[in-house]
Amino acid sequence: MTASAGSFQAPERYLLPQEVGALIPGRVAALIYATTDLAKVRTSRRGLDPEVDAALMALAIAALRWRSSATGTENAPTPEPPASSSWLTTTQAAGLAGVTDRAVRKAIAAGQLDATNVGGRHRISRENLEQYRARRNKCPR
């Protein structure tokens, strides 16, 4: 269970039992990294004390994980279509067709391979790629 930003949390909640240490939530780690020069401290202290290295690295990782999580950012980038998608990037299409990315772009420009322009990037349907591959394999070289 996580606490909301506005509710009071007793400090004991973050203390480790039987140890001299504390748990730092990812949201707090991200706040510390964003408002201090902790990245500079971490790099300047690197190699001087293994425990300090490990703790500061853990803090950095917790901050990065929180920022990249679904709840960690309000402006999460739209992901590329998953591999199971019927749409392919030019790089994916090139890999499946056994040609270079440039060859795929040239085939699109020449009208030999149908593609859709999405946000300035070509997207190729799997069906169109299969038709292109079939035509390519039938043509003598």
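Quick notes
- For the stretch 18-68: rounded, prolate or oblate by the Cα gyration tensor [a/c cutoff 1.5]: oblate
- Equivalent-ellipsoid semi-axes for the stretch 87-138 (Cα gyration tensor, √(5λ), whole Å, largest first): 16, 11, 10.
- Table column - 3J(HN,Hα) (Hz), the stretch 30-45, Karplus curve with 6.51, -1.76, 1.60, x for Gly and Pro: 5, 5, 4, 5, 6, 10, 10, 9, 5, 4, 5, 4, 4, 6, 6, 9
- Close amide-amide hydrogen proximity is noted between V99 and no other residue 5 or more places distant or on a separate chain, at a cut-off under 5 Å (H modeled in the peptide plane; Pro and chain starts excluded).
- Taking label points 7 Å from Cα along the Cα-to-Cβ direction, E12 and N137 give a separation of 7.1 nm.
Values in this text are rule-based calculations from the coordinates and carry no lab data. Since this is a predicted model, take the numbers as computed values, not measurements. Every residue, glycine as well, gets a Cβ built from its backbone with ideal geometry; the counts of neighbours run over all protein chains shown.
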